[in-house]
């Protein structure tokens with residue numbers, strides 16, 4: 001089902017929120033010529049990690065995530081190619097991004 005793919009903005013946000021992360025939609029109206037599809041911010045009040053989905057089917061034939069926080073936690077220009085939200089979460093945990101918001105449902 002297309003709506004249950006990691007590349008779908010609403011699904012990506014829901015899965016991260018279900019895992020306890022605070023996630024806000026930043027932008028999802030890029031032009032057709034722009035390889036960016038959408039951008040979200042994770043943990044906006046603390047680490048403010050920006051995650052942007054790139055769809056380079058016209059150039060490289062792949063989707064990947066650019067994860068940027070200005071080099072605070074993640075290395076600059078960090079790119080992640082995955083089809084699994086669990087892999088995204090593993091990297092957030094690996095680089096110390098907190099997923100225990102006050103609204104986390106135990």
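Brief remarks on what is shown
- Selection count where residues are surrounded by 12 or more Cβ atoms within 10 Å (Cβ to Cβ), touching a strand residue (DSSP E or B) at 6+ places or on another chain (Cβ under 9 Å) and touching a residue at least 60 places away in the same chain (Cβ under 8 Å), scope the range 62-96: 3
- Members of the range 1-35 that are in contact (Cβ under 8 Å) with a residue 40 or more places away in the chain and in a loop (DSSP other than H, G, I, E, B): 5, 6, 7, 19, 20, 21, 22
- Within the range 36-67, being in a loop (DSSP other than H, G, I, E, B) and at pLDDT 90 or above holds for 43, 44, 47, 48.
- Some residue of the range 57-64 being closer than 15 Å to residue 91 by Cα and under 15 Å from the mean Cα position of the chain (by Cα): yes
The values are calculated or read from the model by the stated rules, or taken from the named source; none is laboratory data. Since the structure is predicted, the reported quantities are computational estimates derived from the model, not experimental observations. Here Cβ is always computed from backbone atoms with ideal geometry, including for glycine, and neighbour counts include all displayed protein chains.
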